[in-house]
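Written out below as structure tokens is the structure these notes cover.
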Amino acid sequence: MAEQYIVGVAGVIAFLLGFVFLVRSWGLSKLKRAASMEFPKENCVNKNGNGEGEGEGEAVGTTEIIIVGAGVAGAALAYSLGKDGCQVQVIERDLNALNRFAGELLMPGGYLKLIELGLVDCVDEIDAQQILGYTLNKDGKEALISFSLEKFQSHVVGRTFHNGRFVQRLRKKAASLHNVSLEQGTVTSLLEENGIVKGVHYKDKSGQLLTAYAPLTIVCDGCFSNLRRSLCHSKVDIPSYFVGFILTNCKLPKEKYGALILADPSPILFYPISSTEIRCLVDVPSQNLPSVSNGEMAHYLKTLVAPKVLPELYNSFISAVEKKGNIRIMPNKIMAGAPHLTPGAFLIGDAFNMRHAITAGGMTVALSDVVILRDLLRPLHDLSDASAICKYLESFYTLRKPMSSTINTLANVLHKVFSAPSDPAMENLQQTLLGYLKLGGVFSSGVSALLSGLCPRPLSLVFHFIVMAMYGVGQLLLPFPSPKRLLDGAKLLWVASSVFLPIIHSEGVRQMFFPLTVPAYYRTPPKGKKI
């Protein structure tokens, strides 16, 4: 009865917040419909250029757009722009299939972006696995997070796979276009003249130093980018590392569902990456990272982590840890998207903005950014006025906020909550989240829609945060609000706010919640001479 009362009060607040949300959404959608009339789907056209200029290395000519990096973002963007008729040169440091364990889970929201880009067939023929959600496990309790897919066709689900196979499919698709050139090479620097980027210096596969020219260079060379420093505020935080390895000869407790275990000292994540393999990721704080080479990591995993693993996976977990060369480490980087506007150059993907990888939202944000940038570039006839193009593309940073800020905030907040089990207030937050999800209905479906990229709305995120906090405080006050219970409730609110609000601030309050007040939102395409 008391729990129903708490949920009822939360429901009233939900109604009021929902009304505000609907009014705001109506105004925003109205503006977007008007803006869409200014973006006809006209193809890019070739620009004149003689390929001459000062710089290091031999000049290799001029193209319309240079893309640095052919990962998920770079390859998808190259295909999208090439399909629209642009001449695109892609320079990638390694065109071989990479064996990495980042980018293995594509959320349903990202899958929808693949459909929008015409790249949905790239998840075919790579032994990709369907995923419908997660089981959240803590101290023997379980909550089910199912993606809200009722409104979509049956094939719209999450996908897990080997990242290298997926990227190779994207690259093959891009290279199939006659106006997309895909070349292996390492970009060493941007070619800049009078504050305007004119192209890049790079070394080809044989080591020869070359120079490529283009009126627009788009950098998306991943989290280890050596070019981001000149294009954005490059402060990177590494709160933890993922220790990854592959399990075989086992099955997850619930078919087509990943498993997330909230444990002390680390959250543990499991999901399939093929029909015979399950990826395990153990989150380890940066300050406590054991060494792999001297066996400390294996000992850490077997003694501290293995006892928290689900019984169905325990034996395979131990076998995977003991397998030589199976353990690999990846830093979890967090970097807010804070661009330095640079005429002639643009930065997207993990080179520009990163969030903690625990919610697997990176590819969804990257593909969403590709869609937005493609749509912004479609009406342009002439890229030669670098300053005008730079000012116009500033709207990208506001248009991307609904998706990027929702996923970024959720990922960074959840990691902070999941990775501090020794703090009583954080423990209360974990129990609150588990109980909130078990309420079902709009509560669990709303959180799953945010997590999966199907509801990229910052106000919806704030709504669930407030209602969840109220639910948690209500649970702590039951059955009678004693002084200790009141203090615990106050601590929960304080800790929750101290986690949530700084992350919201770093994402940009104005762009997240008041995009209509940002001047760049109203930018129209520069009027250039059609060639």
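The values are calculated or read from the model by the stated rules, or taken from the named source; none is laboratory data. Predicted, not measured: the structure shown is a model, and the values here were computed from it. Cβ: placed from backbone, ideal geometry, glycine included. Neighbour counts: every protein chain shown. We work out accessible area using only protein heavy atoms, side chains counted, and drop any ligands, DNA or RNA first. Shrake-Rupley method; radii C 1.70, N 1.55, O 1.52, S 1.80 Å.
Results, tabulated for the structure shown:
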read-out	value
Reported label for calculated Rg and Dmax of the Cα atoms in Å given [x] 22.7, 71; [y] 26.4, 87; [z] 24.0, 80	[z]
Where GluC sites (Glu not before Pro) fall in DSSP loop in the stretch 118-163, at most 13 other Cβ within 10 Å	Glu125, Glu150
Amide proton proximity set for Val90, modelled H, under 5 Å, gap of 5+	Ile67, Ser181, Leu182, Glu183
Out-of-range pairs (alpha-carbon distance over 21 Å; input Lys416/Lys491; Lys235/Lys401; Lys138/Lys333; Lys172/Lys205; Lys333/Lys401)	Lys138/Lys333
Area of Ser234 that stays accessible when all protein chains are in place (1.4 Å probe, Å², to 10)	40
Size of electric dipole in the stretch 402-514: Cβ of Lys, Arg +1 and of Asp, Glu -1, about Cα centre, debye, nearest 20	140
Computed P(r) (all Cα pairs; the stretch 238-333; 5 Å bins; percent)	2, 14, 27, 28, 18, 9, 2, 0
√(5λ) per eigenvalue of the Cα gyration tensor, the stretch 379-455, largest first, Å	40, 16, 6
Cβ-Cβ FRET estimate between Ala59 and Arg485, R0 fixed at 56 Å, reported to 0.05	0.15
Rounded to 10°, Cα long-axis angle of helix 424-438 versus longest principal axis of the chain	80
Protein accessible area in the chain, 1.4 Å probe - carbon and sulfur %	57
Nearest-10 value in Å² for the accessible area of Asp375, using the 1.4 Å probe	50
Which of Met512, Phe418, Leu451, positive extreme of dipole for the stretch 401-531 (C-beta unit charges)	Met512
Amide hydrogen neighbours beyond the local backbone of Leu347, cut-off 5 Å, H modeled	Val219
Sequence of Met330, Met403 from largest to smallest accessible area, 1.4 Å probe	Met330, Met403
222 nm mean residue ellipticity, helices alone, for the chain (DSSP H n ≥ 4; -39,500 (n - 2.57); rounded to 500)	-12500 deg cm²/dmol
Selection from Gly133, Leu437, Thr63 lying farthest towards where the dipole of the chain points positive, charges on Cβ	Leu437
Most to least accessible of Glu193, Glu322 (protein chains only, probe 1.4 Å)	Glu322, Glu193
Table column - 3J(HN,Hα) (Hz), the stretch 349-356, Karplus curve with 6.51, -1.76, 1.60, x for Gly and Pro	x, 5, 5, 9, 8, 9, 10, 4
Cα-centre dipole for the stretch 238-333 with unit charges at Cβ (Lys and Arg positive, Asp and Glu negative), debye to 20	180
Whole-percent pair-distance distribution, where bins are 10 Å wide, for the alpha carbons of the stretch 274-418	9, 30, 25, 18, 12, 6, 0
The chain: angle of helix 483-507 to the longest principal axis, Cα-based, in degrees nearest 10	10
Residue-normalised accessible area of the chain, given per residue in Å² at a 1.4 Å probe	44
Angstrom value of the Kirkwood radius, inverse mean 1/r, which spans all Cα pairs in the stretch 402-514	14.5
About the Cα centre, charge dipole magnitude for the chain (Lys/Arg +1, Asp/Glu -1 at Cβ), debye	920
Overall form of the stretch 327-404 per C-alpha gyration tensor (a/c, 1.5; a/b vs b/c)	prolate
With Cα atoms, 0 to 90° folded angle of helix 163-175 axis to the chain main axis	30
